[in-house]
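The values are calculated or read from the model by the stated rules, or taken from the named source; none is laboratory data. Everything quoted here is computed from the prediction, not taken from an experiment. Methodologically, a virtual Cβ is constructed for each residue, glycine included, from the backbone with ideal geometry; neighbour enumeration extends over all protein chains shown. Calculation scope for accessible area: heavy atoms of the full protein, side chains included, ligands and nucleic acids excluded. Shrake-Rupley method; radii C 1.70, N 1.55, O 1.52, S 1.80 Å.
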Amino acid sequence: MSKKILLLPGDGIGQEVIAEAEKVIGWMNREYGLGLECERDLIGGAAYDDHGTPLSDATLKLAHEADAVLMGAVGGPEYDDVPRDVRPEAGLLWIRKEMDLFANLRPAVAFDALMAASSLKAEVLQGLDILIVRELTAGVYFGKPRGMETLPDGTERCIDTQSYTRSEIKRIARVAFDLARQRNGKLHSVEKANVMETGAFWRKVVTELHQAEGDGVTLEHMYADNCAMQLVRAPKQFDVIVTDNLFGDVLSDCAAMLTGSLGMLPSASLGAVDSAGKRPALYEPVHGSAPDIAGQNKANPLAMLMSLAMMLQYSLGADDAAKRLEGAVQAVLSDGIRTEDILDSSKGQQAVSTSQMGDAIIDRLGS
Ligand code: NAD
């Protein structure tokens, strides 16, 4: 049965890295008969230029209809003076909100061949493979009231509100339990239950869910500040971490940087499974549109290709194809093939271009 993939290249290097994903999708269709049908549309600055909005209703409709969305990146300095509500980045926030993509998955995997790119010692990192599950559509980034006010005595005050409902916590925790079960069965739930009401509530709801549905998963609770410290002290103690929107934002960047370059970091954002068994999903590299290197065929496409691997695994049930793609990434890196951002010049490596890296992946995928 064919599956519909919506490709949203976006801006800057988004265009270049998605072209490499298309090559690999073509290979996957030939080799595994996946029947992936790709459609392209605009998001971000490219959509603003054409439609005056960074995400049109027509694009959103295509996204809802697709089995999965693969996105490049949005933004660029040419949009700095565009009103905030129609800036390229607003398109990304809208699509996540409109598709109700509440679960953001950010893996942090240390590749042996890139150990030198990390600021941590190799022995701390060797074999590192963790997954951060961040709540993406609630919490302090969305809570009301928010904004500025002036108190009767003239004092200016600015407010953000952290808020979580029981169902918002339960649905993200449930995703994390499922993922932990598919991995090593170990889950850390992270909050600040010691000083925040929402933290104490988060801990209570996750504990109750664990008692009711947590078979096969060992649950530990950890304060967010300690988690930040443990991530750089002994990151291999973790398997899956589930946390709220704000702590997830900070901790996932921290965990990701253990592994080296921005050009190596994939992500997935998932919604709830609907009555037809379909889970809305958007896959994208963590990096932005990299205006400094855009249009130069220099961008590292591996974060995009590993986002594609996540799509194969989580949306298309093509685990073998996903593993094969991850294996090809490992092989390319072990062979010393590098884009400029991950180059180790002490080893006499020469940088390859974006398209050459894509070709090297196709080559290692073999036939
Ligand atoms: P960025 O991620 O675009 O770039 C940061 C640095 O990392 C740059 O030096 C860039 O050249 C390098 N880099 C990033 N990805 C790379 C890759 N694949 N290969 C090689 N080098 C890579 O972040 P920024 O410069 O802060 O932001 C640029 C624009 O992107 C802004 O408009 C920002 O709002 C937007 N942005 C979008 C997203 C997204 O679409 N998800 C995420 C972050 C930033």
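Once the stretch 244-295 is narrowed to residues that are within 10 Å of the ligand (Cβ to nearest atom) and part of a helix (DSSP H, G or I), the residue that is surrounded by the fewest Cβ atoms within 10 Å (Cβ to Cβ) is Leu262. One residue alone among Leu131, Leu114, Leu101, Leu125 is at pLDDT 95 or above and in contact with a Ser or Thr (Cβ under 9 Å, 6 or more places away or on another chain), and that residue is Leu101.
Within the bounds of the stretch 160-167, is there any residue that is among the β-branched types (Val, Ile, Thr) and open to solvent by 50 Å² or more (accessible area, probe 1.4 Å)? Yes, there is a match, as at least one residue in the stretch 160-167 is among the β-branched types (Val, Ile, Thr) and open to solvent by 50 Å² or more (accessible area, probe 1.4 Å). Restricted to the stretch 58-72, and to residues there that are in contact with an Asp or Glu (Cβ under 6 Å, 6 or more places away or on another chain) and open to solvent by 10 Å² or more (accessible area, probe 1.4 Å), the residue that is farthest from the ligand (Cβ to nearest atom) is Leu62.
Do we find a residue being part of a loop (DSSP other than H, G, I, E, B) and not assigned by TED's automatic domain parsing to the domain that holds Asp244 anywhere in the stretch 12-22?
Yes - at least one qualifying residue is present in the stretch 12-22.
For the stretch 20-57, taking the residues that are of a type in the set (Gly, Ala, Ser) and surrounded by 17 or more Cβ atoms within 10 Å (Cβ to Cβ), the one that is farthest from the ligand (Cβ to nearest atom) is identified as Ser56.
Out of the residues in the stretch 296-309 meeting the condition of being more than 10 Å from the ligand (Cβ to nearest atom) and open to solvent by 10 Å² or more (accessible area, probe 1.4 Å), tell me which one is nearest to Gln330 (Cα to Cα). Among those residues, the one meeting the criterion is Met306. Note on the stretch 73-86: residues that are more than 13 Å from the ligand (Cβ to nearest atom) and part of a helix (DSSP H, G or I) total 2. For the stretch 87-98, indicate whether the set of residues that are within 16 Å of the ligand (Cβ to nearest atom), of a type outside the set (Val, Ile, Thr), open to solvent by 30 Å² or more (accessible area, probe 1.4 Å) and over 19 Å from the mean Cα position of the chain (by Cα) is non-empty. Yes, the conditions are met somewhere in the stretch 87-98.
Arg134 meets the conditions (1) open to solvent by 10 Å² or more (accessible area, probe 1.4 Å); (2) more than 27 Å from Ile95 (Cβ to Cβ) in every case but one. The failed one is (2). Applying the set (1) within 16 Å of the ligand (Cβ to nearest atom); (2) open to solvent by 10 Å² or more (accessible area, probe 1.4 Å); (3) within 26 Å of Leu125 (Cβ to Cβ); (4) part of a loop (DSSP other than H, G, I, E, B) to Gly336 leaves exactly one unmet item: (1).
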